[in-house]
Every structure is written in structure tokens, then in C-alpha cells.
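Data block below; observations after.
We did not get these values from a lab; they are worked out from the coordinates using the rules stated. These numbers were taken from a predicted model, which means no experiment stands behind them. A quick note on method: Cβ atoms are made from the backbone with ideal geometry, for glycine too, and the neighbour counts reach across all protein chains shown.
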Amino acid sequence: QQPVQSPQAVILREGEDAVINCSSSKALYSVHWYRQKHGEAPVFLMILLKGGEQKGHEKISASFNEKKQQSSLYLTASQLSYSGTYFCGTDLGFAYSGAGSYQLTFGKGTKLSVIP
Amino acid sequence: DTGVSQDPRHKITKRGQNVTFRCDPISEHNRLYWYRQTLGQGPEFLTYFQNEAQLEKSRLLSDRFSAERPKGSFSTLEIQRTEQGDSAMYLCASSPGVEETQYFGPGTRLLVL
């Protein structure tokens, strides 16, 4: 089941903040966030495991609401280098063991453009 | 460079031909994944290896697609009798056994004419 990302696209001026959401219709074991620039491979940003923890990476952080089956990626004080398409990948995990399945299903992405 | 590498980076072929792609994962990563990505979409899972064993394969994957990882190191993805719909970026990723993070290679862009 493909996760749903919102918004589909967003344009920011340097220094502005943005939130990208990722929602699943099924219970999740983990959520992975990647950024992909045009013509390049996806680059790992962070992973959130079930337990509702929030993680930070410089000015990029994320949260995972296990009950709502949602994750949000927060970009603060955006820089030009933040431009790209952000994907969330979800792992439903194995129902019988509760462990990760290592099989990710990615959303369609959110295109972020940061302008001067 | 100690990242995931893929070869070739670009491939143009005629419909009906067979193509083979290679992926070299990060050293000592025992998990290897193949994905397909088309324009405007996220990566779509194709198959996954743990060492040399192919553990998962997408139910949507045609029988024309086959993947191997004979010695648990590099992997090959072969597409037989290519179709225009196979045109896409084929991404390989690897991860170590103790964490879930997947590290992607630069991809092989396939164009089927």
C-alpha cells in the first residue's frame, strides 16, 4: 500500500520553513525519508522506527506518530541546497514477528523548490 | 569511492533485446535491493537479497525480469525481451545487517526504443 505524501509540491524562499507529510493506511514498522535531486540517486536523510520518536538532522527533523500512521518531515530555515524531491518510504514490518521486513514502499514524492 | 556503484549508467536498446545491469553494493553490506523508478514516481521495489539468497520479489514483477547475487557480493538484473514500458531508472541499494538504512546507487537509466 503506497503511502500518501502531501503536499505534492512546495515553493519556499530561503529561510522559510516547510512540513512534508506522509500517511499510511496500514500500521508501520518504520518510516524512511530520502531526498532526490534531478538525475541523481535518492540520498538517505533519516529513519524513524515505531515508538513515536522524533529525530533531528541539522535543520531537518522528523516525527513519527505510530497511532496515526503518519510521519512528518520538518525543514527549518531552508537553504537552496534543500531543493529536490522528498520521498518517504514505509516498512509495514512482519505481522507475525513485529520485526522489519526491509521492504520499502515509497510515496510519489514532494517536490521542494527553494528560491533566493 | 566506497558507495554503491552501478553499471552501465545509461542503456539504450531496441524492443525485444535482452539487457543486463550490474550493481556493486557497499562492501560488507549483506542486503541488496533493486528498485525501478519512472518519472514523477518514487522508487518501486522489485526484489531483495540477503547475501546470495533472493528473499523477496515483487508480485508485480514480470517473469521477464530475473536477478542474481551469486556470491553474495555484486548482483545482476536481467530483463529479457524488453518492452517500451520497461524504460525507467533502475536503482540498486544496499544495507548492512544491523540497520535498516538503505544506501542507493546512481542508477541505470534504460531507454527501450
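Legend: calculated FRET efficiency, A:THR76 to A:ALA99, from the Cβ-Cβ distance at R0 = 41 Å, rounded to 0.05, equals 0.80. Per residue of B:35-46, what is the mean number of Cβ atoms on other protein chains within 10 angstrom of that residue's Cβ? Per-residue shielding by partner chains comes out at 5. Result for chain A in a Gaussian network model with C-alpha springs under 10 Å: among A:GLN103, A:GLN79, A:GLN70, the largest mean-square fluctuation is at A:GLN103. Computed over chain B with a Gaussian network model linking Cα atoms closer than 10 Å, the most mobile of B:GLY72, B:GLY40, B:GLY16 is B:GLY40. Lysine pair count for chain A (Cα-Cα distance under 27 Å; residues 8 or more apart in sequence or on different chains): 27. Residues A:HIS32, A:HIS38, B:HIS29 in ascending order of nearby Cβ atoms (within 10 Å, fewest first): A:HIS38, B:HIS29, A:HIS32. Each label point was placed 7 Å from the Cα along the Cα-to-Cβ direction; for A:ASN21 and B:LEU113 their separation is 4.7 nm.
Averaged over the residues of A:36-46, the number of partner chain Cβ atoms lying within 10 Å of the residue Cβ comes to 4.
Taking other Cβ atoms within 10 Å as a rough exposure proxy, A:ASP17, B:ASP24, A:ASP91, B:ASP7 sort from fewest to most as A:ASP17, B:ASP7, B:ASP24, A:ASP91. Residues considered: A:SER71, A:SER25, A:SER61. Largest GNM mean-square fluctuation over chain A, using C-alpha springs under 10 Å, is found at A:SER25.
Other residues with beta-carbon under 14 Å from the beta-carbon of B:GLY85 carry, at +1 per Lys or Arg and -1 per Asp or Glu, a net charge of +1. Inter-chain neighbour count for B:5-16: the average number of beta-carbon atoms from partner chains within 10 Å of each residue's beta-carbon is 0. At each listed q (0.09, 0.10 Å⁻¹), what is the log10 of I(q)/I(0) that the Debye formula gives for the protein assembly as shown modelled as equal alpha-carbon point scatterers? Scattering profile of the protein assembly as shown, log10 relative to I(0): -0.37, -0.46. Across the options A:THR110, B:CYS92, A:PRO42, the greatest Cα extent toward the positive end of the charge dipole of the protein assembly as shown (unit charges at beta carbon of Lys, Arg, Asp, Glu) belongs to A:THR110.
Under a model in which nothing but the beta-carbon of Lys, Arg (+1) and Asp, Glu (-1) is charged, the protein assembly as shown shows a dipole of about 600 debye around its Cα centre. With 0.36 nm allotted per residue and the present C-alpha distance subtracted, the B:SER73-B:GLU52 stretch has 6.8 nm of extension available.
Legend: ranking of residues A:GLU66, A:GLU16 from fewest to most surrounding C-beta atoms inside 10 Å; resulting order A:GLU16, A:GLU66. Projecting the Cα positions of A:TRP33, A:GLN2, B:GLY105 onto the charge dipole of the protein assembly as shown (unit charges on Cβ atoms of Lys, Arg, Asp and Glu, taken about the Cα centre) puts A:GLN2 furthest along the positive direction.
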